[in-house]
Structures are given as C-alpha cells and as structure tokens.
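Notes to accompany the following structure.
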Amino acid sequence: MPTPEFKTRLKRAIQQVIKDRKLIEPRSFDIYTFAKCHKTYDWHTVQNVDGLLLTKKTVRPIYSNQQERTAIIAGLIIQSEYTTADTKPNPQGKAAVSEIATGVWFSNSESQILRIDSPRVLFILPKGSTPDMHKRFETTRTNVNQAVALFPNSIVQEVNRGISAKALARKLKKQLSSYLRTVGKSKTIK
C-alpha cells in the first residue's frame, strides 16, 4: 500500500501543479455521475480519486456570428495504485470511469457540479523497495497494464516510492501537457 508519506507527497504535488498551471480548483477529489431513481435524477459518487488536474479549453466557433466560445473541461483523473490493484477488477473499474454514458462530473471550488468533457485516468504506480513490495508491485503493474490495454483513455506512470513532491509535480505536469496536446485530435484527419 502506498505509504502515508507517499500519499502526502502526491497530494502536495497535485496542489502544486494546480497552482503553477492555474488549473480548476476542485472542491474535493470525488467524481460523480447522475442516474434516474424513482422518477428523479440524483447525483451518485462514482469514486474518490487521489487527484484531479483539470483545465478549460476553448473550441473555435461554428458560426461567424457566434458571440461566445464554447469551453470544455479536459484533464487527468489521478489514481495511486498499489495494494488496491492486487485484483484485476479494481484498476479496470477505475480505468472505465471515462466510459460512463452519463459522463464524469466534479465539484469546483464554488460548489458547481461541472462535467469533465475529456477525462483521462492516470495511474501512479509507486515501485516497491523491499523484495515483498517488489513482488506485489509486479502483480499491480500487470493488473494496471491490463486495465490500460482495455481502456485506452487511461495511462500509467511508474515512480520511485521515495520520489519528492517536487519531482512528482514535474512528472504530473509532463503527463498533463502531453495529454492536453492531444485532446480532441483526430487520428485520421490531418
């Protein structure tokens, strides 16, 4: 299991990236969707995640007289994996969140519920340092890589367990930049 120290460094790194990149500040790291129950629509918590790195992207207007540009929210849903990925269903369920038909939603710092239009799940894998941890890490790596293969809108980043918050923030910024360059890019249209 990720040590409390690792989780603390990850949280600090996420907060640093949000601040440095001027990203959307989430109220919490819960993600939601809605469903109709007993004739009304209700919000349901899908997961509590380790972090959200979200930004607004503007879309060029369709019409020349369109006054406002449409904005979408894109970014990374961060999941730190270790013992929770000892079984295959766990990382598969986490990787599948971007496939939810009613969308993935979050609460911003003003308590507005907003849709993440283009989410990508980023699994952070802290490598084991002892032989016992290394064996568990290999199981986790296999299960997470299988989940990533099944759900292409997810990626994995392996890190050393003792990584500093600053170094982890650099890796998160790199993953975020890489993803944001490809949001909405067609693989067939040039």
message = Exactly one of these conditions fails for residue 19: (1) modelled with pLDDT of 90 or more; (2) over 20 Å from the mean Cα position of the chain (by Cα); (3) more than 22 Å from residue 151 (Cβ to Cβ). Give me its number.
response = (2)
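Restricting to the range 159-178, what's the tally of residues that are touching a strand residue (DSSP E or B) at 6+ places or on another chain (Cβ under 7 Å) and surrounded by 14 or more Cβ atoms within 10 Å (Cβ to Cβ)? Working first, answer last.
First, the residues of the range 159-178 that are touching a strand residue (DSSP E or B) at 6+ places or on another chain (Cβ under 7 Å): 159-161, 168, 171-172, 175-176.
Now drop any that are not surrounded by 14 or more Cβ atoms within 10 Å (Cβ to Cβ), which leaves 159, 161, 168, 171-172, 175-176.
Residues meeting the conditions: 7.
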ask   = Any idea how many residues of the range 118-138 are modelled with pLDDT of 85 or more and surrounded by fewer than 16 Cβ atoms within 10 Å (Cβ to Cβ)?
value = 1
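Taking the residues in the range 3-26 that are touching an Asp or Glu at 6+ places or on another chain (Cβ under 8 Å) and not hydrophobic (A, V, I, L, M, F, W, C) as candidates, determine which candidate is surrounded by the most Cβ atoms within 10 Å (Cβ to Cβ). It would help to see each step written out before you state the result.
First, pick out the residues of the range 3-26 that are touching an Asp or Glu at 6+ places or on another chain (Cβ under 8 Å): 7, 10-11, 14, 18.
Add one more test, that the residue is not hydrophobic (A, V, I, L, M, F, W, C), and what stays is 7, 11.
Values: 7: 14, 11: 16.
By that ranking, first place goes to 11.
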request  = Could you check residue 34 against (1) surrounded by 13 or more Cβ atoms within 10 Å (Cβ to Cβ); (2) within 24 Å of residue 163 (Cβ to Cβ); (3) touching an Asp or Glu at 6+ places or on another chain (Cβ under 7 Å) and say which number it fails?
outcome  = (2)
inquiry  = I'd like the full set of residues that are in contact (Cβ under 8 Å) with a residue 40 or more places away in the chain, of a type in the set (A, V, I, L, M), out of contact with any Phe, Trp or Tyr (no Cβ under 8 Å at 6 or more places or on another chain) and not in a strand (DSSP E or B), limited to the range 1-47.
reply    = 10, 13, 14, 17, 23
task = For the range 65-76, indicate whether the set of residues that are at pLDDT 90 or above, in contact with an Asp or Glu (Cβ under 6 Å, 6 or more places away or on another chain) and buried (at least 18 other Cβ atoms within 10 Å of the Cβ) is non-empty.
result = yes
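The values are calculated or read from the model by the stated rules, or taken from the named source; none is laboratory data. All of these numbers come straight from a predicted model, not from anything done at the bench. All Cβ positions, even for glycine, are placed from backbone atoms using ideal geometry, and neighbour counts span all protein chains on display.
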